[in-house]
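The values are calculated or read from the model by the stated rules, or taken from the named source; none is laboratory data. The model shown is predicted, which means the values in this text are computed figures rather than measured ones. Please note: Cβ atoms are built from the backbone with ideal geometry, for glycine as well, and neighbour counts cover all protein chains shown. Just the protein is used for accessible areas: all its heavy atoms, side chains included, with ligands, DNA and RNA removed. Shrake-Rupley method; radii C 1.70, N 1.55, O 1.52, S 1.80 Å.
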Amino acid sequence: MSDELIAASNLISLLIEAQEDALATIKAGNKPESELRLQLLGAKSELTRLTRQIGRVPKEERQKIGPVVTEIKRSIEDALNAIATDAPPKNSDWVDVTTPGIRPPEGHLHIVSQAIMEVTRIFERIGFTRVRHPEVDWDWYPFESLNMPAHHPARDEWETFFLEYPGKPGKDPHKQKIVLTPHTSNGQVREMEKGKLPIRMINIAKCYRRQIDVSHTPMFHQFEGLYIDKDVSIGHLKGVFDHFVKQFFGPNRETRLRPFHFQFTEPSFEVDINCGICLGTGNLANGSPCKLCKAGWLELGGSGMVHPVVLRNGGIDPDIYSGFAFGWGIERTYMMKSGTKLDDIRLLYSNDVRFLEQF
Ligand code: FA5
(Lines give C-alpha, C1' and ligand atoms only; values in the text may rest on other atoms or scores of the structure.)
Protein backbone atom coordinates (compact mmCIF):
# COMPACT_ATOMS: atom_id res chain seq x y z
CA MET A 1 0.00 0.00 0.00
CA SER A 2 1.36 3.47 -0.88
CA ASP A 3 2.12 5.87 1.96
CA GLU A 4 1.55 9.01 -0.11
CA LEU A 5 -0.91 11.50 1.36
CA ILE A 6 -4.24 11.92 -0.37
CA ALA A 7 -6.59 14.88 -0.20
CA ALA A 8 -9.88 14.31 1.69
CA SER A 9 -11.85 15.56 -1.32
CA ASN A 10 -10.26 12.91 -3.59
CA LEU A 11 -11.06 10.13 -1.17
CA ILE A 12 -14.63 11.41 -0.77
CA SER A 13 -15.06 11.34 -4.60
CA LEU A 14 -13.84 7.74 -4.70
CA LEU A 15 -16.18 6.80 -1.83
CA ILE A 16 -19.17 8.37 -3.63
CA GLU A 17 -18.30 6.48 -6.83
CA ALA A 18 -18.15 3.25 -4.83
CA GLN A 19 -21.55 4.08 -3.31
CA GLU A 20 -23.10 4.66 -6.76
CA ASP A 21 -21.68 1.37 -8.07
CA ALA A 22 -22.96 -0.46 -4.99
CA LEU A 23 -26.49 0.96 -5.30
CA ALA A 24 -26.58 0.13 -9.02
CA THR A 25 -25.50 -3.45 -8.27
CA ILE A 26 -28.30 -3.80 -5.71
CA LYS A 27 -30.86 -2.34 -8.13
CA ALA A 28 -29.85 -4.81 -10.87
CA GLY A 29 -31.32 -7.40 -8.50
CA ASN A 30 -29.63 -10.44 -9.97
CA LYS A 31 -27.98 -11.65 -6.72
CA PRO A 32 -29.44 -12.62 -3.37
CA GLU A 33 -29.29 -10.01 -0.62
CA SER A 34 -26.85 -12.00 1.61
CA GLU A 35 -24.34 -12.33 -1.23
CA LEU A 36 -24.63 -8.62 -2.07
CA ARG A 37 -24.12 -7.65 1.59
CA LEU A 38 -20.81 -9.54 1.66
CA GLN A 39 -19.73 -8.19 -1.72
CA LEU A 40 -20.56 -4.52 -0.98
CA LEU A 41 -19.92 -4.15 2.76
CA GLY A 42 -17.65 -7.11 3.57
CA ALA A 43 -13.91 -7.08 4.31
CA LYS A 44 -13.04 -7.42 0.61
CA SER A 45 -15.47 -4.76 -0.59
CA GLU A 46 -14.42 -1.59 -2.42
CA LEU A 47 -15.94 0.46 0.42
CA THR A 48 -13.79 -1.28 3.05
CA ARG A 49 -10.71 -0.90 0.84
CA LEU A 50 -11.34 2.85 0.54
CA THR A 51 -12.06 3.38 4.27
CA ARG A 52 -8.65 1.81 4.96
CA GLN A 53 -7.16 4.76 3.06
CA ILE A 54 -8.37 7.28 5.67
CA GLY A 55 -4.97 7.03 7.35
CA ARG A 56 -3.39 8.64 4.25
CA VAL A 57 -5.55 11.76 4.55
CA PRO A 58 -3.81 14.66 6.36
CA LYS A 59 -4.79 14.62 10.05
CA GLU A 60 -6.52 18.01 9.96
CA GLU A 61 -8.84 16.83 7.11
CA ARG A 62 -9.72 13.34 8.42
CA GLN A 63 -12.73 14.49 10.44
CA LYS A 64 -14.51 15.34 7.14
CA ILE A 65 -14.41 11.72 6.03
CA GLY A 66 -16.08 9.92 8.96
CA PRO A 67 -19.63 11.30 8.43
CA VAL A 68 -19.39 10.61 4.66
CA VAL A 69 -18.46 6.97 5.20
CA THR A 70 -21.26 6.59 7.78
CA GLU A 71 -23.83 8.08 5.39
CA ILE A 72 -22.66 5.91 2.46
CA LYS A 73 -22.81 2.73 4.56
CA ARG A 74 -26.30 3.65 5.80
CA SER A 75 -27.60 4.16 2.22
CA ILE A 76 -26.19 0.79 1.12
CA GLU A 77 -27.62 -0.91 4.24
CA ASP A 78 -31.03 0.64 3.55
CA ALA A 79 -31.02 -0.56 -0.05
CA LEU A 80 -30.00 -4.07 1.05
CA ASN A 81 -32.68 -4.14 3.77
CA ALA A 82 -35.32 -3.09 1.24
CA ILE A 83 -34.63 -6.06 -1.01
CA ALA A 84 -34.35 -8.34 2.02
CA THR A 85 -37.99 -7.57 3.03
CA ASP A 86 -39.42 -7.43 -0.54
CA ALA A 87 -38.42 -10.89 -1.56
CA PRO A 88 -39.00 -13.92 0.61
CA PRO A 89 -35.85 -15.94 1.23
CA LYS A 90 -35.58 -18.83 -1.18
CA ASN A 91 -36.42 -22.37 -0.09
CA SER A 92 -38.53 -21.34 2.91
CA ASP A 93 -42.22 -21.24 3.82
CA TRP A 94 -42.07 -17.51 4.50
CA VAL A 95 -45.32 -15.73 3.52
CA ASP A 96 -45.95 -12.00 3.72
CA VAL A 97 -49.59 -11.97 4.79
CA THR A 98 -49.85 -8.22 4.23
CA THR A 99 -49.14 -8.49 0.47
CA PRO A 100 -52.32 -7.61 -1.50
CA GLY A 101 -53.75 -10.67 -3.27
CA ILE A 102 -53.97 -11.10 -7.04
CA ARG A 103 -57.65 -10.82 -8.01
CA PRO A 104 -58.63 -13.74 -10.27
CA PRO A 105 -60.52 -12.82 -13.45
CA GLU A 106 -64.21 -12.58 -12.58
CA GLY A 107 -66.86 -14.00 -14.91
CA HIS A 108 -70.53 -13.13 -15.11
CA LEU A 109 -73.74 -14.64 -16.40
CA HIS A 110 -74.16 -14.64 -20.18
CA ILE A 111 -76.33 -11.71 -21.31
CA VAL A 112 -79.05 -14.07 -22.48
CA SER A 113 -79.18 -15.58 -18.96
CA GLN A 114 -79.29 -12.03 -17.52
CA ALA A 115 -82.20 -11.17 -19.85
CA ILE A 116 -84.06 -14.37 -18.89
CA MET A 117 -83.75 -13.47 -15.20
CA GLU A 118 -84.95 -9.92 -15.83
CA VAL A 119 -87.96 -11.04 -17.91
CA THR A 120 -88.89 -13.59 -15.22
CA ARG A 121 -88.75 -10.96 -12.44
CA ILE A 122 -90.92 -8.48 -14.39
CA PHE A 123 -93.70 -11.04 -14.96
CA GLU A 124 -93.47 -12.43 -11.44
CA ARG A 125 -94.31 -8.96 -10.13
CA ILE A 126 -97.74 -9.17 -11.79
CA GLY A 127 -98.51 -12.71 -10.67
CA PHE A 128 -97.06 -14.84 -13.48
CA THR A 129 -95.08 -17.94 -12.52
CA ARG A 130 -92.12 -19.24 -14.51
CA VAL A 131 -92.71 -22.80 -15.66
CA ARG A 132 -90.69 -25.23 -17.75
CA HIS A 133 -91.88 -27.55 -20.48
CA PRO A 134 -89.91 -29.96 -22.70
CA GLU A 135 -87.62 -28.56 -25.40
CA VAL A 136 -87.79 -31.91 -27.22
CA ASP A 137 -91.48 -32.71 -27.49
CA TRP A 138 -94.16 -34.72 -29.22
CA ASP A 139 -95.29 -33.07 -32.46
CA TRP A 140 -98.77 -32.83 -30.88
CA TYR A 141 -97.85 -30.03 -28.45
CA PRO A 142 -96.14 -27.46 -30.74
CA PHE A 143 -98.37 -28.26 -33.75
CA GLU A 144 -101.46 -30.46 -33.69
CA SER A 145 -102.81 -29.31 -30.33
CA LEU A 146 -102.33 -25.74 -31.58
CA ASN A 147 -104.72 -26.23 -34.49
CA MET A 148 -102.02 -27.20 -37.01
CA PRO A 149 -102.75 -30.78 -38.11
CA ALA A 150 -100.19 -32.82 -40.07
CA HIS A 151 -99.43 -31.32 -43.49
CA HIS A 152 -101.06 -27.98 -42.61
CA PRO A 153 -99.18 -25.31 -44.60
CA ALA A 154 -98.91 -23.02 -41.53
CA ARG A 155 -96.33 -25.44 -40.12
CA ASP A 156 -93.84 -24.37 -42.78
CA GLU A 157 -93.34 -21.08 -40.94
CA TRP A 158 -91.60 -22.91 -38.12
CA GLU A 159 -88.83 -24.60 -40.18
CA THR A 160 -88.71 -27.45 -37.69
CA PHE A 161 -86.05 -30.07 -36.88
CA PHE A 162 -87.76 -33.49 -36.70
CA LEU A 163 -86.06 -36.28 -34.77
CA GLU A 164 -86.00 -40.02 -35.42
CA TYR A 165 -88.14 -41.78 -32.81
CA PRO A 166 -85.97 -44.41 -31.12
CA GLY A 167 -87.91 -47.66 -31.65
CA LYS A 168 -91.53 -47.98 -32.73
CA PRO A 169 -94.03 -45.31 -31.61
CA GLY A 170 -96.92 -46.62 -29.50
CA LYS A 171 -100.64 -46.37 -30.28
CA ASP A 172 -101.25 -42.96 -28.63
CA PRO A 173 -102.08 -40.63 -31.57
CA HIS A 174 -100.49 -37.70 -29.67
CA LYS A 175 -97.14 -39.49 -29.30
CA GLN A 176 -96.06 -40.33 -32.81
CA LYS A 177 -93.34 -37.88 -33.91
CA ILE A 178 -90.82 -35.89 -31.91
CA VAL A 179 -89.38 -32.48 -32.69
CA LEU A 180 -86.97 -29.94 -31.29
CA THR A 181 -89.60 -27.40 -30.24
CA PRO A 182 -89.59 -24.49 -32.70
CA HIS A 183 -91.53 -22.26 -30.28
CA THR A 184 -92.51 -22.15 -26.60
CA SER A 185 -96.19 -22.40 -27.56
CA ASN A 186 -95.84 -26.18 -26.98
CA GLY A 187 -96.23 -25.18 -23.29
CA GLN A 188 -99.78 -23.88 -23.80
CA VAL A 189 -101.70 -27.19 -23.87
CA ARG A 190 -99.14 -28.81 -21.53
CA GLU A 191 -99.91 -26.10 -18.93
CA MET A 192 -103.67 -26.50 -19.42
CA GLU A 193 -103.29 -30.26 -18.88
CA LYS A 194 -102.14 -29.58 -15.32
CA GLY A 195 -105.82 -28.86 -14.65
CA LYS A 196 -105.33 -25.76 -12.49
CA LEU A 197 -107.13 -22.51 -13.28
CA PRO A 198 -106.58 -19.61 -13.56
CA ILE A 199 -103.29 -19.94 -15.48
CA ARG A 200 -100.67 -17.23 -15.37
CA MET A 201 -97.54 -18.82 -16.80
CA ILE A 202 -94.33 -17.52 -18.24
CA ASN A 203 -92.54 -20.33 -20.08
CA ILE A 204 -88.96 -19.53 -21.09
CA ALA A 205 -87.10 -22.14 -23.11
CA LYS A 206 -84.76 -22.84 -25.98
CA CYS A 207 -86.32 -23.09 -29.43
CA TYR A 208 -84.83 -24.54 -32.60
CA ARG A 209 -85.39 -23.65 -36.26
CA ARG A 210 -83.49 -24.23 -39.48
CA GLN A 211 -82.58 -20.53 -39.81
CA ILE A 212 -79.41 -18.47 -39.59
CA ASP A 213 -78.73 -14.84 -40.57
CA VAL A 214 -78.28 -11.45 -38.83
CA SER A 215 -81.60 -11.75 -37.03
CA HIS A 216 -81.96 -15.57 -36.77
CA THR A 217 -80.02 -18.30 -35.00
CA PRO A 218 -80.80 -22.05 -35.17
CA MET A 219 -81.09 -22.07 -31.36
CA PHE A 220 -82.68 -19.13 -29.59
CA HIS A 221 -84.95 -18.48 -26.60
CA GLN A 222 -88.58 -17.46 -26.42
CA PHE A 223 -90.70 -16.39 -23.49
CA GLU A 224 -94.30 -17.41 -23.72
CA GLY A 225 -96.97 -15.82 -21.60
CA LEU A 226 -100.34 -17.50 -21.08
CA TYR A 227 -103.18 -16.03 -19.05
CA ILE A 228 -106.45 -17.98 -18.81
CA ASP A 229 -109.35 -17.05 -16.58
CA LYS A 230 -112.98 -15.93 -16.85
CA ASP A 231 -113.57 -12.70 -18.80
CA VAL A 232 -109.99 -12.17 -20.03
CA SER A 233 -109.99 -9.53 -22.78
CA ILE A 234 -107.65 -7.87 -25.27
CA GLY A 235 -107.48 -4.96 -22.80
CA HIS A 236 -105.70 -7.25 -20.29
CA LEU A 237 -103.28 -8.33 -23.00
CA LYS A 238 -102.43 -4.73 -23.89
CA GLY A 239 -102.03 -3.81 -20.20
CA VAL A 240 -99.59 -6.68 -19.59
CA PHE A 241 -97.51 -5.70 -22.65
CA ASP A 242 -97.34 -2.07 -21.56
CA HIS A 243 -96.23 -3.14 -18.07
CA PHE A 244 -93.48 -5.36 -19.50
CA VAL A 245 -92.26 -2.86 -22.03
CA LYS A 246 -92.00 0.03 -19.56
CA GLN A 247 -90.18 -2.17 -17.03
CA PHE A 248 -87.78 -3.75 -19.51
CA PHE A 249 -87.16 -0.88 -21.93
CA GLY A 250 -87.99 2.25 -19.93
CA PRO A 251 -90.88 4.67 -19.37
CA ASN A 252 -90.82 6.23 -22.87
CA ARG A 253 -91.54 2.97 -24.67
CA GLU A 254 -95.00 1.93 -25.85
CA THR A 255 -96.56 -1.01 -27.68
CA ARG A 256 -99.04 -1.31 -30.50
CA LEU A 257 -100.94 -4.33 -31.80
CA ARG A 258 -100.94 -5.07 -35.53
CA PRO A 259 -103.46 -7.59 -36.93
CA PHE A 260 -101.77 -10.88 -37.90
CA HIS A 261 -102.60 -14.55 -38.27
CA PHE A 262 -101.65 -17.53 -36.10
CA GLN A 263 -103.55 -20.82 -36.19
CA PHE A 264 -103.73 -20.96 -32.40
CA THR A 265 -104.96 -17.45 -31.55
CA GLU A 266 -108.02 -15.56 -32.73
CA PRO A 267 -107.76 -12.64 -33.14
CA SER A 268 -103.96 -12.63 -33.57
CA PHE A 269 -101.56 -9.73 -33.41
CA GLU A 270 -97.95 -8.89 -33.90
CA VAL A 271 -96.74 -6.67 -31.09
CA ASP A 272 -94.58 -3.69 -32.02
CA ILE A 273 -92.61 -1.44 -29.70
CA ASN A 274 -91.81 2.18 -30.52
CA CYS A 275 -88.18 2.52 -31.55
CA GLY A 276 -85.78 3.51 -28.75
CA ILE A 277 -83.70 5.63 -31.12
CA CYS A 278 -86.39 7.82 -32.79
CA LEU A 279 -89.17 7.17 -30.19
CA GLY A 280 -91.68 6.11 -32.84
CA THR A 281 -91.33 9.10 -35.15
CA GLY A 282 -89.27 7.28 -37.81
CA ASN A 283 -87.00 10.34 -38.06
CA LEU A 284 -83.91 11.44 -36.18
CA ALA A 285 -83.57 14.92 -34.64
CA ASN A 286 -81.71 16.10 -37.78
CA GLY A 287 -84.64 15.03 -40.00
CA SER A 288 -82.94 11.98 -41.56
CA PRO A 289 -84.83 8.63 -41.44
CA CYS A 290 -84.06 6.33 -38.46
CA LYS A 291 -81.84 3.45 -39.68
CA LEU A 292 -82.82 0.98 -36.97
CA CYS A 293 -86.60 0.87 -37.38
CA LYS A 294 -87.27 2.70 -40.67
CA ALA A 295 -90.89 3.52 -39.70
CA GLY A 296 -90.80 4.20 -35.95
CA TRP A 297 -91.80 0.70 -34.74
CA LEU A 298 -89.99 -2.60 -34.18
CA GLU A 299 -91.58 -6.06 -34.05
CA LEU A 300 -91.34 -7.86 -30.70
CA GLY A 301 -93.27 -11.07 -31.42
CA GLY A 302 -96.67 -12.70 -31.77
CA SER A 303 -99.73 -12.71 -29.55
CA GLY A 304 -103.49 -13.15 -29.53
CA MET A 305 -106.56 -14.50 -27.74
CA VAL A 306 -106.25 -18.27 -27.29
CA HIS A 307 -108.21 -20.14 -29.97
CA PRO A 308 -111.24 -22.16 -28.67
CA VAL A 309 -109.82 -25.33 -30.32
CA VAL A 310 -106.63 -24.96 -28.26
CA LEU A 311 -108.61 -24.44 -25.03
CA ARG A 312 -110.60 -27.59 -25.78
CA ASN A 313 -107.40 -29.57 -26.52
CA GLY A 314 -106.20 -28.52 -23.06
CA GLY A 315 -109.48 -29.66 -21.45
CA ILE A 316 -110.82 -26.11 -20.85
CA ASP A 317 -114.37 -25.02 -21.78
CA PRO A 318 -114.08 -22.00 -24.13
CA ASP A 319 -117.63 -20.95 -23.26
CA ILE A 320 -116.55 -20.27 -19.67
CA TYR A 321 -112.87 -19.36 -19.95
CA SER A 322 -110.89 -17.13 -22.27
CA GLY A 323 -107.26 -16.14 -22.34
CA PHE A 324 -104.40 -14.55 -24.18
CA ALA A 325 -100.97 -15.82 -25.17
CA PHE A 326 -97.84 -14.23 -26.51
CA GLY A 327 -94.42 -15.51 -27.57
CA TRP A 328 -91.39 -13.29 -28.08
CA GLY A 329 -87.71 -13.94 -28.71
CA ILE A 330 -85.46 -13.25 -25.71
CA GLU A 331 -82.46 -12.37 -27.90
CA ARG A 332 -84.41 -10.03 -30.21
CA THR A 333 -86.14 -8.36 -27.28
CA TYR A 334 -82.77 -7.82 -25.60
CA MET A 335 -81.32 -6.37 -28.83
CA MET A 336 -84.05 -3.69 -28.82
CA LYS A 337 -82.97 -2.39 -25.44
CA SER A 338 -81.49 1.05 -25.97
CA GLY A 339 -77.77 1.14 -25.39
CA THR A 340 -77.30 -2.49 -26.45
CA LYS A 341 -76.39 -1.53 -30.03
CA LEU A 342 -76.30 -5.14 -31.27
CA ASP A 343 -76.68 -5.33 -35.02
CA ASP A 344 -76.13 -9.10 -35.46
CA ILE A 345 -77.89 -11.69 -33.26
CA ARG A 346 -75.16 -14.26 -33.97
CA LEU A 347 -72.68 -12.26 -31.87
CA LEU A 348 -74.56 -13.49 -28.79
CA TYR A 349 -73.43 -17.05 -29.49
CA SER A 350 -69.98 -16.39 -30.94
CA ASN A 351 -68.35 -17.06 -27.54
CA ASP A 352 -66.04 -14.09 -28.06
CA VAL A 353 -64.92 -13.00 -24.59
CA ARG A 354 -64.05 -9.48 -25.86
CA PHE A 355 -67.73 -9.07 -26.79
CA LEU A 356 -69.19 -10.75 -23.70
CA GLU A 357 -67.00 -8.77 -21.27
CA GLN A 358 -68.82 -5.57 -22.25
CA PHE A 359 -72.08 -6.59 -20.57
C1 FA5 B 1 -94.16 -17.73 -32.73
O2 FA5 B 1 -93.20 -18.47 -32.53
C3 FA5 B 1 -95.43 -17.88 -31.98
N4 FA5 B 1 -95.39 -19.09 -31.21
C5 FA5 B 1 -95.67 -16.66 -31.10
C6 FA5 B 1 -97.02 -16.65 -30.46
C7 FA5 B 1 -97.18 -17.15 -29.19
C8 FA5 B 1 -98.10 -16.14 -31.14
C9 FA5 B 1 -98.44 -17.13 -28.60
C10 FA5 B 1 -99.36 -16.10 -30.55
C11 FA5 B 1 -99.51 -16.60 -29.28
P12 FA5 B 1 -92.86 -16.25 -34.44
O13 FA5 B 1 -92.49 -17.35 -35.37
O14 FA5 B 1 -93.19 -14.94 -35.06
O15 FA5 B 1 -94.11 -16.63 -33.52
O16 FA5 B 1 -91.68 -16.04 -33.40
C17 FA5 B 1 -91.82 -15.15 -32.33
C18 FA5 B 1 -90.52 -14.43 -32.06
O19 FA5 B 1 -89.46 -15.37 -31.84
C20 FA5 B 1 -90.02 -13.58 -33.20
O21 FA5 B 1 -90.63 -12.31 -33.24
C22 FA5 B 1 -88.55 -13.44 -32.83
O23 FA5 B 1 -88.39 -12.49 -31.79
C24 FA5 B 1 -88.25 -14.81 -32.27
N25 FA5 B 1 -87.62 -15.68 -33.26
C26 FA5 B 1 -88.23 -16.48 -34.15
N27 FA5 B 1 -87.34 -17.19 -34.87
C28 FA5 B 1 -86.11 -16.83 -34.42
C29 FA5 B 1 -84.77 -17.22 -34.74
N30 FA5 B 1 -84.49 -18.15 -35.65
N31 FA5 B 1 -83.76 -16.63 -34.07
C32 FA5 B 1 -84.01 -15.72 -33.12
N33 FA5 B 1 -85.24 -15.31 -32.74
C34 FA5 B 1 -86.29 -15.86 -33.38
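Summary of values
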quantity: Cys residues of the chain counted as unpaired, since no other Cys beta-carbon is under 4.7 Å; calculated: CYS207
quantity: Two-site FRET efficiency, ARG354 against ALA285, from Cβ-Cβ distance with R₀ of 30 Å, rounded to 0.05; calculated: 0.40
quantity: Cα gyration tensor shape of the range 156-234, rounded if a/c is under 1.5, else prolate or oblate by comparing a/b with b/c; calculated: oblate
quantity: Charge-dipole axis of the chain as Lys and Arg at +1 and Asp and Glu at -1 on Cβ define it, positive-most pick from SER13, MET335, GLY167; calculated: GLY167
quantity: Per residue solvent-accessible surface (Å²) - the range 143-192, probe of 1.4 Å; calculated: 55 Å²
quantity: Rounded accessible area per residue of the range 274-340, 1.4 Å, Å²; calculated: 44 Å²
quantity: Percent carbon-and-sulfur accessible area, the chain, ignoring ligands, DNA and RNA, probe 1.4 Å; calculated: 54 percent
quantity: Nearest-0.05 FRET efficiency for VAL95 and ILE16, computed from C-beta distance (R0 41 Å); calculated: 0.60
quantity: Debye, to nearest 20: dipole size of the range 8-82, +1 on Lys, Arg Cβ, -1 on Asp, Glu Cβ; calculated: 300 debye
quantity: Cross-link partners of LYS64 among lysines (Cα-Cα below 25 Å; sequence separation of 8 or more within a chain); calculated: LYS44, LYS73
quantity: Gyration tensor verdict on the range 8-82 (Cα atoms; rounded if a/c is under 1.5, prolate if a/b is larger than b/c, oblate otherwise); calculated: prolate
quantity: Rounded to 5, the percent of DSSP beta bridges in the chain classed as antiparallel; calculated: 95 percent
quantity: For the chain, with +1 on Lys and Arg beta carbons and -1 on Asp and Glu, the positive-most of ALA84, GLN39, VAL131 along the dipole; calculated: VAL131
quantity: Residues in the range 102-130 reached by a label modelled at ASP229 [backbone nitrogen below 16 Å; 7 Å Cα→Cβ]; calculated: 123-130
quantity: On Cα atoms only, tilt of 65-86 relative to the major axis of the chain in degrees; calculated: 30 degrees
quantity: Centroid-to-centroid separation of the range 275-311 and the range 100-174 [C-alpha atoms, Å]; calculated: 25 Å
quantity: Prolate/oblate/rounded label for the chain (Cα gyration tensor, a/c 1.5); calculated: prolate
quantity: Relative contact order of the chain, defined on C-alpha pairs under 8 angstrom at six or more residues apart (%); calculated: 14 percent
quantity: Nearest-20 debye value, the chain charge dipole, Cβ charges on Lys, Arg, Asp, Glu; calculated: 280 debye
quantity: Extreme residue, positive dipole direction of the chain, given options LEU180, PRO149, TYR227 (C-beta unit charges); calculated: TYR227
quantity: Straight-distance crosslink candidates among lysines, where the alpha carbon sits under 30 Å from LYS341 and sequence neighbours closer than 8 are dropped; calculated: LYS206, LYS238, LYS246, LYS291, LYS294
quantity: Relative packing of peptides 199-207, 94-102, 275-283 - highest average C-beta neighbours within 10 Å first; calculated: 199-207, 275-283, 94-102
